[in-house]
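Notes to accompany the following structure.
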Amino acid sequence: MEKGEAILITGATGCGKSFLASAFGQQACLQGKKVLYFNAQKLMQRLKTCRQDGTIHKFFDKVAKTDLLIIHDFVLTRLEHTQQPDLMEIIEDRHSNIQRLWSLNGPYQVGMI
């Protein structure tokens, strides 16, 4: 976790992606790390709401202070045009050492993320 590297968990429905992602999060919490766990659809809704009410930068700051960001069921979510730059801000945040964990249903293919 110290290197801020991304983890990608893929597999068919029911193979244990959620369990594994939760286990990573629990272990990080036990080590005193700050963890955020989002279902991708709920994260997209949160980004949209924060953009609308003017709290998007406050939300970005909260994410930047997190040691581990877990985004579950990522590919199942369709991004709206305005959500794309917000998600890229989280993914490409160069000012933090956040480790990111993504879980995807089905096989991963180049270009999906």
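Would you pick out the residues in the range 12-43 that are part of a loop (DSSP other than H, G, I, E, B) and of a type in the set (A, V, I, L, M)? Working first, answer last.
Keep residues of the range 12-43 that are part of a loop (DSSP other than H, G, I, E, B), which gives 12-16, 31-34.
Matches in the range 12-43: ALA12 only.
Can you tell me how many residues in the range 58-113 are modelled with pLDDT of 75 or more, charged (D, E, K, R) and either surrounded by fewer than 14 Cβ atoms within 10 Å (Cβ to Cβ) or in a strand (DSSP E or B) (or both)?
Going through the range 58-113 one residue at a time, the tally reaches 5.
State the number of residues belonging to the range 1-50 that are free of Cβ contacts under 8 Å to residues at least 12 places away in the same chain, of a type in the set (A, V, I, L, M) and within 15 Å of ILE90 (Cβ to Cβ).
0
The values are calculated or read from the model by the stated rules, or taken from the named source; none is laboratory data. This one's a predicted model, so the numbers in the text were calculated from it and none came from an experiment. FYI the Cβ positions are ideal-geometry reconstructions off the backbone, even for glycines, and counts take in every protein chain you see.
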